[in-house]
Each structure stands twice: as structure tokens, then as C-alpha cells.
Amino acid sequence: MARDPRDQTQSPIPGLSLETRLTQLGRAGVRIRGFVNPPLVRGSTVLHNSCAERREAGRHRLEQELIYGLLGTPTHFALENALAAIEGGTRCQIVSSGLAAITTSLLAYLGTGDHCLVPDSVYGPTRHFCDTLLRQAGVETTYYVPTIDPDSLAALFRPNTKVLFLESPGSHTFEMQDVPALARVAHARGAAVLMDNTWGILFFQPFAHGVDVSIQALTKYVGGHSDIILGGIITARDSDWEKIRNASMTLGQYASPDDCWLALRGLRTLAARLKQQMESGLKVARWLATRAEVYQVLYPALPGAPGHAIWRRDYSGACSLFGVVFQPDIAEDSMIEMIDSLELFGIGASWGGFESLALPTTGTIRRTAAPPPLAGPAARFHIGLEDPNDLIADLERAFKHLRRV
């Protein structure tokens, strides 16, 4: 018998808070004798008692059944079920990276002659995939202004538009999208709605807002320690799950059970880490907003920031990643000197770990639908678990390197 993929995706006690469910999901249960954490299961070959049993297992290849290691182990299944529950879905497919979650999802819904709509603020590697492999496969992409209104979006649809891709907030520039309104436009025209929801991991319920497929870079906050690379694709309907599962198996997408086990461990502290990092992020962002050298802080959770009204309406919290635009007369090379002089902020890609990061973004942002909304040099900051007062003191020292042109 194939296992019900909904096993362990719902808490046994209705009405429990998210924090409580994060400690319970993906486990056998607190009254089960044994170790607290589920075991790490590695393996490729799965043995069966008979040929008939193996044939029966093969009939359930779209389910969570032990058939072959590439199709998942109990370690994969425990993480998948927990992630589905967190986002309000029913099923999840673990893949090798956040980018793999994006590309697998797009390939599941798009084929030769199709058209997709992608926000101009999208994650750079997503744009590269659309402009290279998708184009080579005969799929055309139109980039739209991320803050587009529903009527203007509707005008971009074609008879062959199969996917509306969303990323809210946008990469580097943090534009918030009106997801429910845009999703209604897409569904009225028969298109699927795919969303990169990595920034909103615990704070935005995608399926309650019209999303069909939610994409997560589990490398970020779920892992939480900057030591794994992993992706997840979550769905709420069987029809969407079958597309994702088939595409994933056809592409041979797989993730190490060791990384899945670490991600499952990261889930246990996710709520606590995000709460502290949001508080620290807001404190640092408020300080930055008072500085004369700063033109604008691009942090939707900050009152007065672009997109704050949508964030307040649709989100229950915020992660600690945001952008900073410096005054137009701040020399770009002095901003880089400022970042180089920081002692508590690392300079590196990715985010979502325990450590704070700073990264220049000026010159790395590509837009084709409209110029990026940057009045001056820009940088991206991720606030980790350090004391925010120490981070502010570090920034204040570094700001002495900023000079006017």
C-alpha cells in the first residue's frame, strides 16, 4: 500500500500555533518510544519481498512510497510533509536547490509554443533560465513591472500564456506584488500561478492568496546555518502535484537525505530565529532610515517603505533581508569601501543564515520592462542573530567612509 502523503502534514491537535506545530511536524510523535528526531535514512536500492510487491509499489510512483532512493526516503518524506503543512498545502517535492525548484516548476507547466509572464524584479538566475534554456525550448517570456495593476497585467496575456510567475517581494529591489489580484487575472485566463515564496516562508500563506505552486529556497531560513543547498516545491491540489512530481522524476531531481535531515532540524528553531531576526531587522532598518546618507530603505515591513500596505494586509511578519538606496550624490566606490570596512557583516551571496551579510547591488540588477527604482547606489543587507546594537555601531563606524561626489 502506498503511504498517504498527507501523513504528518497536520497536527494531531487542531488549533495549535505555528510554533508548536514546528516542533511536532515530521516526527513520529511525542508518545512514541525512541529518539526525538526521525532517523537519517540513506539508500539507493529498495528491496521487496516479491516481484508482485515491487510491481504494486511501482503503481504508486507519484506517492510517497519506498521504490528507489531517487524517489525519496523517509527522511525526504518527513521534511516534505512538514513543509506542506507550514504553507497550507498538501504535498511537497524536495529538489536539489532553490533554483532547481524554480526551473523544475517552470518546466512542469511550459512547453514549446507557450508563453509566460515573469516580474522584471525576478531573481537573476530565474531570468537567465527564461532567457536561455526556456527560449531554446520554444517558450517566450514577457517581463512585466512587478507593481503592475490587474488591468495592465490582463493586457499582457495571450492565448498561449500558461504561467504567471510571481516573486514578492522582488529580488534586490523588494517590490511587493498584489498576489490575490494578479492571481485572479491569471486564473480567469486559464494560467497557473507559480510563486517564489522564499522571503515569506512563515509569514505568507500562498494557497490562501490564489497561488497554485509555491517555491522555496530551503537553503535560506529553513536550513538557517548557511551549510546546505536545498529547494522545495509545495502544492495544494493533486493536479498540480502530479505535474510537479512527474517533472521532478523526469529531470532526475534529487536531494541528499543528509541535507533534508539538517533542514528538518532547522525547522525546529525557524520561528524563534525569524522572530528575533525580524525584530533586529526592523531596528537596524529604522536606524538606517534616519541617516542623512540614506535615500530610502527597501523593507516592506518598515512603515512608509514601498509596498508596506500590501505587506501589512497579506503578511504576518517579515524576514530580515532588505535593500538600502543611498543618496544620489554618494559615490558608488565609497559605498563599496563602507561595506569592505564592516567588521560584523560578511560579504557573500545567499541569506537566511545566522550571520549578517552586506552586498553591493548597484550594477548587478538587470531590468527590461522599466528602470530599477534606485535613485543612488544600492546595497542589500541581511540581519542575522547578532545583537542589533552591535550591528548598528558597526554600520555607524563604516558610514564614515561614505563621501559625496
(request) Quick one: which residue in G266, G232, G307 is on the phi > 0 side of the Ramachandran plot and crowded, with 21+ Cβ neighbours inside 10 Å? (result) G307
(request) Name the residue, out of R366, R380, that is crowded, with 20+ Cβ neighbours inside 10 Å, within 30 Å of G223 (Cα to Cα) and of a type in the set (K, R). (result) R380
(request) Just one of (1) loosely packed, with under 15 Cβ neighbours inside 10 Å; (2) among the polar types (S, T, N, Q); (3) touching a residue at least 12 places away in the same chain (Cβ under 8 Å) trips up Q296, so point out which. (result) (1)
(message) List the residue pairs whose Cβ atoms are under 8 Å apart, where the first residue sits in segment 33-52 and is without any contact (Cβ under 8 Å) to a residue 12 or more places away in the chain and within 15 Å of L264 (Cα to Cα), the second is surrounded by 13 or more Cβ atoms within 10 Å (Cβ to Cβ) and of a type outside the set (S, T, N, Q), and the two are 6 or more positions apart or on different chains.
(response) V36/R27
(request) May I ask you to list pairs of residues, at least six apart or on different chains, whose Cβ atoms are under 7 Å apart, with the first in segment 55-80 being touching a residue at least 40 places away in the same chain (Cβ under 8 Å) and in the same structural domain as L230 (by TED's automatic domain parsing) and the second being of a type in the set (D, E, K, R) and not in a loop (DSSP other than H, G, I, E, B)? (result) L62/E242; L62/R245; E63/R3; Q64/R3; E65/R3
(request) Can you confirm whether segment 103-117 contains a residue that is in contact with a helix residue (DSSP H, G or I) (Cβ under 9 Å, 6 or more places away or on another chain) and either under 19 Å from S256 (Cβ atoms) or at pLDDT below 95 (or both)? (result) yes
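Please pick out the residue among T9, T20, T73, T45 that is at pLDDT 85 or above, out of contact with any Leu (no Cβ under 6 Å at 6 or more places or on another chain), β-branched (V, I, T) and surrounded by 15 or more Cβ atoms within 10 Å (Cβ to Cβ). Spell out how you get there, then give the answer.
Working: T9 fails: at pLDDT 85 or above; T20 fails: surrounded by 15 or more Cβ atoms within 10 Å (Cβ to Cβ); T45 fails: surrounded by 15 or more Cβ atoms within 10 Å (Cβ to Cβ).
From the options T9, T20, T73, T45, the qualifying one is T73.
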(request) Of all residues in segment 217-244, count the ones that are more than 21 Å from I201 (Cα to Cα) and not small (G, A, S). (result) 3
(request) Determine which member of the set A85, A100 is modelled with pLDDT of 95 or more and assigned to a helix (DSSP H, G or I). (result) A100
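Which of the residues spanning segment 364-386 are without any contact (Cβ under 8 Å) to a residue 60 or more places away in the chain and under 16 Å from L342 (Cβ atoms)?
So in segment 364-386, the residues without any contact (Cβ under 8 Å) to a residue 60 or more places away in the chain come out as 371, 377, 379.
Across segment 364-386, the qualifying residues are P377, A379.
The values are calculated or read from the model by the stated rules, or taken from the named source; none is laboratory data. Please read all numbers here as calculations on a predicted model, not as lab measurements. Cβ coordinates were reconstructed from backbone atoms using ideal geometry, including for glycine residues, and neighbour counts include every protein chain displayed.
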